[in-house]
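Chemist: What follows is a structure written as C-alpha cells; I'll ask about it next.
The values are calculated or read from the model by the stated rules, or taken from the named source; none is laboratory data. None of these values were measured; they are calculated from a predicted model. Cβ coordinates were reconstructed from backbone atoms using ideal geometry, including for glycine residues, and neighbour counts include every protein chain displayed.
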Amino acid sequence: MSSDSDDSIAPSKICIKKLNRKNYAAWCYHMEQYLNGQGHDELFEPKYYEKPHAKKYKKKNSAGISLLLSTVCDELHPKIRTHKTFLEAWNALA
C-alpha cells in the first residue's frame, strides 16, 4: 500500500484485464478505482495539466501513460502514443 508521499503508479502490482475492443466499461471502471484508490485522481482533472512544469507532474503523467500502455492490448497502443498527457490518452481510448 502506498503512503501519501509515494507518488508511484505501479502496474506490476495490479491485476486488471487488458483493454480490448469489447471490455471498455469494465476496464475503465477498474482503472478509475485503482487510480483514485492510489490518490491519483488529479490525473482525471483537466486543471492538473494547466501548469505541467513540475518534476512531480512529469513523473506522475509519464507513470499514468505507462500504466495505460501496460493495461491495453497492443493494437490500442497507437491511440495512446499520439498524446502527451494521461488525460488526452485516456479520452482517446473512450
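Chemist: Within the set of pairs 6+ apart or on separate chains, which have a first residue in the stretch 65-79 that is closer than 10 Å to Met31 by Cβ, a second that is of a type in the set (Ser, Thr, Tyr) and exposed (fewer than 15 other Cβ atoms within 10 Å of the Cβ), and C-beta atoms under 7 Å apart?
Modeler: none
Chemist: Related question: Could you grab me the full set of residues in the stretch 6-34 that are assigned to a helix (DSSP H, G or I) and modelled with pLDDT of 85 or more? Spell out how you get there, then give the answer.
Modeler: The first filter runs over the stretch 6-34 and keeps only residues assigned to a helix (DSSP H, G or I), leaving 11-13, 24-34.
Result: Tyr24, Ala25, Ala26, Trp27, Cys28, Tyr29, His30, Met31, Glu32, Gln33, Tyr34.
Chemist: So which residues in the stretch 44-87 are part of a loop (DSSP other than H, G, I, E, B), touching a Leu at 6+ places or on another chain (Cβ under 8 Å) and crowded, with 16+ Cβ neighbours inside 10 Å?
Modeler: Answer for the stretch 44-87, where residues must be part of a loop (DSSP other than H, G, I, E, B), touching a Leu at 6+ places or on another chain (Cβ under 8 Å) and crowded, with 16+ Cβ neighbours inside 10 Å: just Thr71.
Chemist: Tell me, please, whether a residue that is among the basic types (Lys, Arg) and modelled with pLDDT of 95 or more can be found in the stretch 49-66. Show your work before the answer.
Modeler: If we filter the stretch 49-66 for residues that are among the basic types (Lys, Arg), which is where we start, we get 51, 55-56, 58-60.
Checking which are modelled with pLDDT of 95 or more leaves us with none.
Checked the stretch 49-66: no residue is among the basic types (Lys, Arg) and modelled with pLDDT of 95 or more.
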